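Structure, as structure tokens:
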Amino acid sequence: MNLSLFIPEIALAITAVLVILLDLFIRQKYVMRYLSLAGLVVAGVFSFIMWGDNNPAAFNNMLAADNFAVFFKLLFLGIAFLVILASADYESKFANFRSEYYALILLSTTGMMLMSAAADLISLYIALELTSISLYVLVSLLKDKKSTEAALKYLLLGAIASAVLLYGMALVFGATGETQLAAIAQSLQTMTDSTPLGNPALYMGIVLMIAGFGFKIAAVPFQMWVPDVYEGAPTTITAYLSVGSKAAGFAIILRTFFTAFGEPFTISHDWGIIFAVMAVISMIIGNMAAIPQTNIKRMLGYSSIAQAGYLMVGLATFGLAMPATALGESGLLFFLVSYALTNLGAFTAIIIISNKINSDTIADYAGLGRRSPLLALGLTFCMVSLIGIPPAAGFMAKFYIFSQAAQHGLLWLVIIATINSVISAYYYLRVVKVMWFNEAASTEKVPSSAAPGIALALCCIGVLLLGVMPGLLMRLAEIASSIFTF
């Protein structure tokens, strides 16, 4: 048992405990924000040092310490850092729970980091529950009617999804006799009968696991929690959910399905078809449901369902085109990073705006371009990136995933995804139109403290740099995903 391989998670957990304990003695609660940021930086430094070491698995091969895990650890730490920065003005809405707020973000981030490293079904489930339970509490932190209702729905549906996932894991264990992902893969290689009817328990287990993971990534038909939770949760937590939870879900899907169910081809082909169908339905339903929305948080909630569909194009490509190169997986990783920066930028702007106008209705954003042009410009750029228009990162992200799918014979899926990207332009650009062309009800500026402004600037700069210079991140993503090359 090599604890040194998991110093980042240990450092983050210790920081969370310190935040709770120091809250009993320190009156200046803003100190907890800086302590949390410091803990994230320390964990990030330790994670960065681990890059390229190709360390072996630890805890009896239950947790991996490879480049793939390090890549996602850095991503989750960056997401949490930006969310805490953006929370500087918003934290007054739950003044009595500031320390709990930061501690829960740190604990859920720890769970996400462990999810990306999970190499065993047992450790996977424990890490997932650590993340989920923290998020359930965070959603309810406003203590008003909408927040409480959203948390209750999230908790109940999340519990059902966890039960379905656990049942699927039990069936896979029953069919293979293994819980470690690599051992499951070896067991599948020895099976002589690889048809679905030949081993129905195994295939039912895989289907149930897809259902459980589908809830985490907000994919249809497991997306019913998204709009209400996104609207009712504190906006900072909505931002955190929209990118952190989704990235963690895709991280564990990548490791689980590419390691345990990547071969034989008959199995990967079958789950590839499932992801392809889910991708099409998610893109269509997500975009169509987003069009009539008047609340920007609900609109971005449905948008996240469509974005999950675009990401599943990459999953389908790998499953249906085995053996594949690392480009397909690295395209997924690039998409996740660009989407995280884009969505965090959009929600940071929304946090700043809602603090001033106390509304999330799109119509109330009228004239924002004249009231606060830089803020409106940042939100506009993020909307452009979500559509997939150059020079924003969203264009390169879709280019990598769609080109890989087309090269492996999934042109029909790319056509559907492209049409849906065009459809999404309607509701994204509607926000832009309201901000820049509608008459403002007030000419008063929209103020913000330095921290949220810095968070928004960092997101927009990142989106621009990834759009015009994607090579470095793409190379890092290829190194991280190279463990899945067959």
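Derivation of every value follows stated rules applied to the coordinates shown; laboratory data play no part. Because the structure is predicted, anything quoted here is derived from the model rather than measured. Cβ: placed from backbone, ideal geometry, glycine included. Neighbour counts: every protein chain shown.
If neighbour count is taken as other Cβ atoms inside 10 Å, put L104, L456 in order from fewest to most.
Values: L104 22, L456 28.
The most exposed by this proxy come first: L104, L456.
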Using modelled backbone amide H atoms (1.01 Å from N, in-plane), which distant-in-sequence or interchain residues come within less than 5 Å of A118's amide H? A64
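Once whole DSSP H runs in the chain are found, which of them have Cα atoms spread over 30 Å or more along the helix axis and a mean Kyte-Doolittle score of at least 1.0? Could you put the intermediate results ahead of the total?
Working: long enough: 145-176 (46 Å, 1.09); 265-290 (36 Å, 1.53); 296-320 (36 Å, 0.88); 327-357 (44 Å, 1.37); 411-437 (38 Å, 1.44).
Those that pass (Cα extent of 30 Å or more, hydropathy at least 1.0) are 145-176, 265-290, 327-357, 411-437.
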Compute the whole-percent fraction of alpha carbon pairs in region 262-486 spaced more than 24 Å apart. 45
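To make sure I understand, if each residue's beta carbon is the centre and we count other beta carbons within 10 Å, what order do F48, F25, F81 fall in, fewest to most?
F25, F48, F81
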Eligible lysines near K143 by straight Cα distance, threshold 30 Å, same-chain separation 8 or greater: K29, K93, K153, K216, K246, K297, K356, K445
Whole-number percent relative contact order across the chain, with pairs defined as alpha carbons under 8 Å at least 6 apart: 15
Rounded to the nearest Å, the spacing of the alpha-carbon centers of region 81-152 and region 442-486 is 22
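At a 10 Å Cβ-Cβ cut-off, how would you order D66, D144, fewest neighbours first? Could the numbers behind the result be given before it?
Values: D66 20, D144 12.
Taking fewest neighbouring Cβ atoms as first place, the list is D144, D66.
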Show me 349-360, 91-102 ranked by packing, highest mean number of other Cβ atoms within 10 Å first. 349-360, 91-102
Region 1-44 to region 164-243: how many Å between their Cα centroids? 31
